[in-house]
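Everything below concerns the one structure shown next.
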Amino acid sequence: MQGTVEWTGGKNMVGINSNGQRVEMNWEDGPSPMQLALQMVGACSIVDVVIGLKERDFSKVWVEMDSTP
């Protein structure tokens, strides 16, 4: 797995993975790098749950997270 993050001016950045997929970030007007980091922890948890329950019947999975500065 490879990726880069490039500052694009002002408060903007773009993350680019090895497939060329891009995630735009802005540390003031959102989504910020810390918000994305928290959401990605939730996304990884959901992947584990969906893969672990693949033989069961379910239609919705979500993770609620809270982080205080």
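The values are calculated or read from the model by the stated rules, or taken from the named source; none is laboratory data. Every value quoted in this text rests on a predicted model; they were computed, and no experiment measured them. When we count neighbours, we look across all protein chains shown, and the Cβ atoms used for this are built from the backbone with ideal geometry, even at glycine.
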TODO: Scan region 10-44 residue by residue and report those that are assigned to a loop (DSSP other than H, G, I, E, B), of a type outside the set (Gly, Ala, Ser), free of Cβ contacts under 8 Å to residues at least 12 places away in the same chain and exposed (fewer than 13 other Cβ atoms within 10 Å of the Cβ).
DONE: Asn19, Gln21
Open item on the list: Going by what's in this entry, would Val50 be described as over 13 Å from the mean Cα position of the chain (by Cα), surrounded by 10 or more Cβ atoms within 10 Å (Cβ to Cβ) and either in a loop (DSSP other than H, G, I, E, B) or modelled with pLDDT under 90 (or both)?
Closed with: no
Open item on the list: Based on this model, can you work out whether Thr4 counts as at pLDDT 90 or above, out of contact with any Lys or Arg (no Cβ under 6 Å at 6 or more places or on another chain), β-branched (Val, Ile, Thr) and not in a helix (DSSP H, G or I)?
Closed with: yes
